[in-house]
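For reference, the structure discussed in these notes is given below.
What follows draws every value from the coordinates through simple rules; no lab data is involved. These figures come from a predicted structure and were not determined experimentally. Note: ideal-geometry Cβ built from the backbone for every residue, glycine included; neighbour counts use all protein chains shown.
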Amino acid sequence: MKYIKSLAAAALAAVMAAGMAACSLTDNGDTAASSKAESTTAAEAVTTDEEEAAETETAAPEETKAPETTTTEKPEEPKEEFKYIGEEDGEDSTYSFPLTNGTEQEIISFALRYGDGDFTENLIPDGEDFAADETRLLNWTHTVTGDVMTLGEFNAEITLDNEKTYLLHVFPMSDIINAEIRVMDEYAFIVYENKIGDTKSTMEQEEKAAEEDRKAEEAKTSTTTTVSETETETETETETETETVTEAPAETQPPVVVETEAPYYDNTWDTGYDDGAQYW
């Protein structure tokens, strides 16, 4: 019985050993198969990546250079040609800016002065009157002569074709970019753009200046009239006195008595008469 148990134990051990070996073989086979499968997948992946890379390189378009763009310079717009007032070439002028005639009449004379100096001669070229609504370049060089530089304002004087003359009391040459001359009934003024781009008008200043000039002219006329009337009255009084003196009767002087000596007779008898009479 003991022998039978020993055989049974041996048989059981053999079966268990065989089972373990089978399991071992199965695990090793699965592992190997798995490893082989992984290797195959990796190889296929590498091959696929290489093929995709090759296809990508093949399919990629050739690098093309960007078309060269030719830059063409924009042609300069032709500068508008203006007639001039003052100097023909304004490149070297002290002042140069566009000036428009907005007076609705031709300007036949245009002159400038600085401070209390004299006005220039007519700066409009001969035979080229400044037409209404025309724009010209005012070119002028300001030179100061003398030992002392006097500070003052610029003035302009214009004469229209109706022979009316206007004085522009305010004409800021050094601050003008462009300007337009306009006229009211009694005065002229300018509308201009200054150096910082603001639009200015001298209308108010010119209106006040015209009023002051009118009052001064009236006072001058009144004084002249009073002096003339006084002189006339004096002349009238003088003439009246002269006439009075002339019409007065002349004074009569008493007659001048001239004493004459009596004739001299001697005491002798004169008998020299024919009648023979004697006379004493």
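Between Thr120 and Asn194, the distance separating the two model label sites (each 7 Å from Cα on the Cα→Cβ line) works out to 2.4 nm. Could you tell me whether the stretch 83-215 comes out rounded, prolate or oblate from its Cα gyration tensor? Rule is a ≥ b ≥ c as square roots of the eigenvalues, rounded for a/c under 1.5, then prolate if a/b exceeds b/c, otherwise oblate. It is rounded, given that a/c, with a ≥ b ≥ c, falls under 1.5.
Give me the percent of DSSP beta bridges within the stretch 83-215 that run antiparallel, rounded to the nearest 5. Once the DSSP bridges in the stretch 83-215 are tallied, antiparallel ones form about 80 percent. Of the peptides 195-201, 127-133, the ranking by mean beta-carbon count within 10 Å, highest at the top, reads 127-133, 195-201.
Taken about its Cα centre, the stretch 83-215 carries a charge dipole of roughly 360 debye when the Cβ of each Lys and Arg holds +1 and the Cβ of each Asp and Glu holds -1.
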